[in-house]
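First the structure, in the form of structure tokens, and then the observations on it.
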Amino acid sequence: SCFSFLPLQLPESQASGLPEYIKIVEVGPRDGLQNEKVIVPTDIKIELINRLSKTGLPAIEVTSFVSSKWVPQMADHKEVMRGIERHPGVQYPVLTPNLQGFHSAIAAGATEVSVFGAASESFSKMNINCSIEESIEKFEEIAKSARNMDIPVRGYVSCALGCPYEGNIIPAKVAEVSKRLYSMGCYEISLGDTIGVGTPGSMKRMLEAVMKEIPLSALAVHCHDTYGQALANILTAIQMGVAVVDSSVAGLGGCPYAKGATGNVATEDVIYMLNGLGINTGVNLYTVMETGNFICTALNKKTNSKVAQASFNTGTIH
Amino acid sequence: AFPRRVKVVEVGPRDGLQNEKNVVPTAVKINLINMLSETGLQVIEATSFVSPKWVPQMADHTEVMQGINKLPGISYPVLTPNLKGFQAAVAAGAKEVSIFGAASELFTKKNINCSIEESLERFDEVMAAARAASIPVRGYVSCVLGCPYEGKISAAKVAEVSKKMYSMGCYEISLGDTIGIGTPGSMKEMLTTVMKEVPVGALAVHCHDTYGQALANILVALQMGVSVVDASVAGLGGCPYAQGASGNVATEDLVYMLNGLGIHTGVDLQKLMDTGTFICSALNRRTNSKVSQASCRL
């Protein structure tokens, strides 16, 4: 069986200064599918999420309550939200770009939402057609309503290690935007290397700046593997104590800024690394691989997960 | 703290091409090596003096060795599995050779049909001849983080084989994660043990990216003081043990990371990418380098 090759758990994650437990936030159904060319039928989306719910993943980003004019892939957000099984102990956050989206999400049964800020003015302008300050104001409206309804809000900061338009992004700017999101009530801030240009060097500098403003326990990293740096960047983050990592099953979701390039880091590859480090995630790697196989078949594409490629090709899966 | 400089050992023309399906014409191999010589790389593994019966891709070893431009300051090591290969290599102009050991008995048996002990005895002859000719020898240890046949490999075994090869006179020991199953956890454990027997300045890591772990594993090795890293342009060379899976880590992706860490390599990333584009075109395949993929705006 190929599992004789899977790394044995080393009991020394604590001794090495690494977190004992890391929460994996699965973004495949939203961030992943949103950046896939092929429009996926609603029932496939629902089955994907239901399968992910059985892998042990503690959080699965389900969909986005954004106008279908902008993001056709997410047009079925209500049906998906209402159609999925809700497993106890699993969170199902959804994106809500504005108050209207928020209310729509709540009406459809959402119990957690996410808002997306950026550390780059140009990116904010190009992506959501407003300045960072204006976007923060919109999010404050959402945060206020969410607070009244006891709905947790997760904040994302895009372009944390670089911007497709501005290039270099200074860590202080990332810290500033993160602090605004945290102060308005976001329970967690996910720092996104949106175009995957970061390296362990820039990841470290950015985290050092952000950690001055936000408690470590409220930080997550969302690394893209466009330049193959994701796992090295994630390793750097967890060495600094970050204990929440976003990833996408099968590495779904290409990079809209570099045609043909990859985007999200594959959940399978992250879990493989964390298993090898003796870090607990609660996630069953094999069932994630099976789920990855399912969605890639449905999308008629090859997986971006190297672990999946290596495992399925030894011909020894049982 | 990271090393300030890292020596990148380019294994594409040998380890890379050896594990590519398509046999590459001699002229293309020579051009590949000549292009690599212009990138700032200081070490380029050129070919293998092994019997063409076993490795058809390397059948033109003499022509390649004699045909390449040998730039001053650049080393062009070649593999020599035995004394006969060593002598042929030297006759063809080689000034540095490599020998391959393994930390797994089963792997050694399957690969070269003898035990680890017997393989090292064969190398004794090569070492003696190399010493007499003042030819430096680099030692490789395969399967350091796992074996396709034995599974788990003990760090103590890796240390034992490394120590033997170092004591025999190898100036550097390249520790190879042959099937890419290692993670930062097992890399750290293995290196800690090996570093008790071999000085870190004589160690290199040779990571395969079959499970996507290579750069993370390399990062840990660097953190522990290793300053020599093997890689293959365009990530040439699949994994013979997992059909369709990738093998060597891509030099471009490694250099990108080292640049981002402010570590000096002397390598021009753009020229390296251009070389990768050339060889992928000649092989009619897509690059395995993510940096290269991302940089191609089609």
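The values are calculated or read from the model by the stated rules, or taken from the named source; none is laboratory data. Please read these numbers as outputs of a predicted model, since none were measured by experiment. Cβ coordinates were reconstructed from backbone atoms using ideal geometry, including for glycine residues, and neighbour counts include every protein chain displayed.
Per-residue answers, yes or no, for (1) under 22 Å from A:I271 (Cβ atoms); (2) among the small types (G, A, S); (3) in contact with a strand residue (DSSP E or B) (Cβ under 9 Å, 6 or more places away or on another chain):
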{"site": "B:M187", "(1), (2), (3)": "yes, no, yes"}
{"site": "B:L191", "(1), (2), (3)": "no, no, yes"}
{"site": "B:V194", "(1), (2), (3)": "no, no, yes"}
{"site": "B:P199", "(1), (2), (3)": "no, no, no"}
{"site": "B:A202", "(1), (2), (3)": "no, yes, yes"}
{"site": "B:V205", "(1), (2), (3)": "no, no, yes"}
{"site": "B:Y211", "(1), (2), (3)": "yes, no, no"}
{"site": "B:A214", "(1), (2), (3)": "yes, yes, yes"}
{"site": "B:N217", "(1), (2), (3)": "yes, no, yes"}
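I'd like the full set of residues that are farther than 17 Å from A:N98 by Cβ and part of a loop (DSSP other than H, G, I, E, B), limited to region A:157-188. The answer is A:C159, A:A160, A:L161, A:G162, A:P164, A:Y165, A:E166, A:N168, A:I169, A:I170, A:Y187.
Looking at this structure, is A:G201 without any contact (Cβ under 8 Å) to a residue 40 or more places away in the chain and in a helix (DSSP H, G or I)? Considered against the rule, which asks whether it is without any contact (Cβ under 8 Å) to a residue 40 or more places away in the chain and in a helix (DSSP H, G or I), A:G201 comes out as yes. Applying the condition of being acidic (D, E) and under 24 Å from A:Q91 (Cβ atoms) to region A:120-158 and asking which residue is surrounded by the most Cβ atoms within 10 Å (Cβ to Cβ) yields A:E140.
Here B:V23 fulfils each of the conditions (1) closer than 17 Å to B:L236 by Cα; (2) crowded, with 17+ Cβ neighbours inside 10 Å apart from (2). For the residues A:E137, A:E112, A:E85, A:E141, the requirement of being over 22 Å from A:C255 (Cβ atoms) and without any contact (Cβ under 8 Å) to a residue 12 or more places away in the chain singles out A:E137. For region B:231-241, the set of residues classified as within 11 Å of chain A (Cβ to nearest Cβ) and modelled with pLDDT of 95 or more consists of B:G235 only.
In region B:274-294, what residues are within 20 Å of the chain's Cα centre (by Cα), more than 14 Å from chain A (Cβ to nearest Cβ) and not aliphatic (A, V, I, L, M)? Correct list: B:T275 only.
Those helices (runs of 4 or more DSSP H) of region A:226-318 in which at least 1 residues are more than 13 Å from chain B (Cβ to nearest Cβ) and crowded, with 24+ Cβ neighbours inside 10 Å, considering only elements entirely within it, cover A:285-299. Of all residues in region B:172-203, which are within 14 Å of chain A (Cβ to nearest Cβ), within 24 Å of A:I279 (Cβ to Cβ) and surrounded by 24 or more Cβ atoms within 10 Å (Cβ to Cβ)? Of everything in region B:172-203, those that are within 14 Å of chain A (Cβ to nearest Cβ), within 24 Å of A:I279 (Cβ to Cβ) and surrounded by 24 or more Cβ atoms within 10 Å (Cβ to Cβ) turn out to be B:D177, B:I179, B:G180, B:I181, B:G182, B:T183, B:P184, B:G185, B:S186, B:M187, B:M190, B:L191. Being crowded, with 19+ Cβ neighbours inside 10 Å, at positive phi, touching a helix residue (DSSP H, G or I) at 6+ places or on another chain (Cβ under 6 Å) and not acidic (D, E) is a property that A:C163 lacks. Residues in region B:242-266 that are facing chain A (nearest Cβ under 7 Å), farther than 19 Å from A:M203 by Cα and more than 17 Å from the chain's Cα centre (by Cα): B:A242, B:Q243, B:G244, B:A245. For first residues located in region B:207-230 and more than 7 Å from every other protein chain (Cβ to nearest Cβ), partners that are crowded, with 24+ Cβ neighbours inside 10 Å and among the charged types (D, E, K, R) and lie 6+ apart or on another chain with Cβ distances below 6 Å form the pairs B:C207/B:D177; B:H208/B:D177.
The set of residues in region A:227-281 that are modelled with pLDDT of 95 or more and at positive phi comprises A:G228, A:G241, A:A250, A:G251, A:G278. Between a residue in region B:85-97 that is of a type in the set (D, E, K, R) and any residue that is modelled with pLDDT of 95 or more, which pairs come within a Cβ distance under 6 Å, given they are 6 or more apart or on different chains? Going by the 6 Å Cβ cut-off, the qualifying pairs are B:E96/B:S75; B:E96/B:P77; B:E96/B:P136.
Might you let me know whether region B:250-270 holds any residue that is at pLDDT below 95 and either more than 20 Å from A:V265 (Cα to Cα) or basic (K, R) (or both)? No, region B:250-270 contains no residue that is at pLDDT below 95 and either more than 20 Å from A:V265 (Cα to Cα) or basic (K, R) (or both).
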